[in-house]
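The values are calculated or read from the model by the stated rules, or taken from the named source; none is laboratory data. Note that the structure is a prediction, hence the values are computed from the model and not measured. We place every Cβ from the backbone using ideal geometry, glycine too, and count neighbours over all the protein chains shown. Only protein heavy atoms, including side chains, enter the accessible area calculation; ligands, DNA and RNA are left aside. Shrake-Rupley method; radii C 1.70, N 1.55, O 1.52, S 1.80 Å.
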Amino acid sequence: MMMQQANVPADVVQTFFADGYIDKVETSRKNREWTFYIVKTQVVPGDIYRSFCKMIRDKFAHIATIRFVLQYTSDVNPESVAHEYWSMFLEWVQREAASINGWMTKAKIEVHGKVLTLHLLDSFGLELAKKKNINDWIRQYFNGFFWRRLSSEIRFERLSRRRA
């Protein structure tokens, strides 16, 4: 019903959200905030997720600030979640911590199990990542938005050693 009211296209609902359900909704009258916890068995593409969130937020902005947490089931590979939403993480962390800017965009990630390895191209980036507690930001983002507990490692690796 919420998706219909926000005019989310039926093909988007059927293709990307038919496998999901709303597990719970947390509301705060004081802050006028709603948080929807949606359980999913398949990863929603980043662009679809962004559009979906924007449509719902825009439709209900006069009532509350809306936030979504996609609770991916255990059969969803953490690697696919991390890779799908990495660019969104970069945007988010730059908003949350202004001092984390463009140097992170050149980082590459690998995920094995629940360990995300962040490869940085120079020692300056490595030191900044440690100083700015990037590991904590990664954990906070993926757990807070996608219900994925990832631990992370930071490694320095020269560009010439990495192959695309």
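Residue by residue through the range 68-98, note down the ones that are within 12 Å of the chain's Cα centre (by Cα) and over 20 Å from residue 118 (Cα atoms).
Selection gives 68, 69, 70, 71, 72.
Quick grid of which residues meet (1) in contact with a helix residue (DSSP H, G or I) (Cβ under 9 Å, 6 or more places away or on another chain); (2) at pLDDT below 95; (3) surrounded by 18 or more Cβ atoms within 10 Å (Cβ to Cβ):
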{"position": "30", "(1), (2), (3)": "no, yes, no"}
{"position": "39", "(1), (2), (3)": "no, no, no"}
{"position": "44", "(1), (2), (3)": "yes, no, yes"}
{"position": "48", "(1), (2), (3)": "yes, no, no"}
{"position": "60", "(1), (2), (3)": "yes, yes, no"}
{"position": "63", "(1), (2), (3)": "no, yes, no"}
{"position": "72", "(1), (2), (3)": "yes, yes, yes"}
{"position": "75", "(1), (2), (3)": "no, yes, no"}
{"position": "78", "(1), (2), (3)": "yes, yes, yes"}
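I'd like the residue in the range 112-137 that is open to solvent by 50 Å² or more (accessible area, probe 1.4 Å) and in contact with a helix residue (DSSP H, G or I) (Cβ under 6 Å, 6 or more places away or on another chain) and, out of all such residues, is nearest to residue 150 (Cα to Cα).
Among those that are open to solvent by 50 Å² or more (accessible area, probe 1.4 Å) and in contact with a helix residue (DSSP H, G or I) (Cβ under 6 Å, 6 or more places away or on another chain), it is 114.
Of all residues in the range 96-111, how many are open to solvent by 40 Å² or more (accessible area, probe 1.4 Å) and within 15 Å of residue 141 (Cα to Cα)?
Residues meeting the conditions: 1.
Quick one: how many residues across the range 80-118 are in a helix (DSSP H, G or I), within 13 Å of residue 129 (Cβ to Cβ) and either of a type in the set (S, T, N, Q) or touching a Cys at 6+ places or on another chain (Cβ under 6 Å) (or both)?
Residues that pass the stated criteria total 1.
Say whether the condition of being under 22 Å from residue 20 (Cα atoms), of a type in the set (A, V, I, L, M) and in contact with a helix residue (DSSP H, G or I) (Cβ under 6 Å, 6 or more places away or on another chain) is met by at least one residue in the range 80-87.
Within the range 80-87 (the criterion being under 22 Å from residue 20 (Cα atoms), of a type in the set (A, V, I, L, M) and in contact with a helix residue (DSSP H, G or I) (Cβ under 6 Å, 6 or more places away or on another chain)), the answer is yes, since at least one residue qualifies.
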